[in-house]
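Peer 1: Here you go, one structure.
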Amino acid sequence: MTKKPFIDELTDTLFHALPSHLQGIKDDAAANFKIVLQGAFNKLDLVTREEFDAQKKVLARSRQKIEALEAIVKKLELAD
């Protein structure tokens, strides 16, 4: 079973928090919740999990390269 996207889970949570007499307008309420939430999240300038993971890998590779270069510099300094 695949996990629901976060925005869909949040939409469901908001819908279920509605008073029972308003839950009859499920489709309209869910669509409006989703639109409002997406607009709010877009304003927050968030990144996706995929973008975050990609940048995390780039940072790890950069750290390795910096550490290797620091080791080379240290050897060169000791050779003087």
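The values are calculated or read from the model by the stated rules, or taken from the named source; none is laboratory data. None of these values were measured; they are calculated from a predicted model. Cβ: placed from backbone, ideal geometry, glycine included. Neighbour counts: every protein chain shown.
Peer 1: With respect to Q55, determine if the residue is touching a residue at least 24 places away in the same chain (Cβ under 8 Å) and surrounded by 10 or more Cβ atoms within 10 Å (Cβ to Cβ).
Peer 2: No.
Peer 1: Can you find, within the stretch 6-45, the residue that is modelled with the lowest pLDDT among those that are loosely packed, with under 10 Cβ neighbours inside 10 Å and not in a helix (DSSP H, G or I)?
Peer 2: If we take residues in the stretch 6-45 being loosely packed, with under 10 Cβ neighbours inside 10 Å and not in a helix (DSSP H, G or I), then P19 is modelled with the lowest pLDDT.
Peer 1: Residues in the stretch 46-80 that are part of a helix (DSSP H, G or I), acidic (D, E) and over 14 Å from the mean Cα position of the chain (by Cα): how many?
Peer 2: Within the stretch 46-80, residues that are part of a helix (DSSP H, G or I), acidic (D, E) and over 14 Å from the mean Cα position of the chain (by Cα) number 3.
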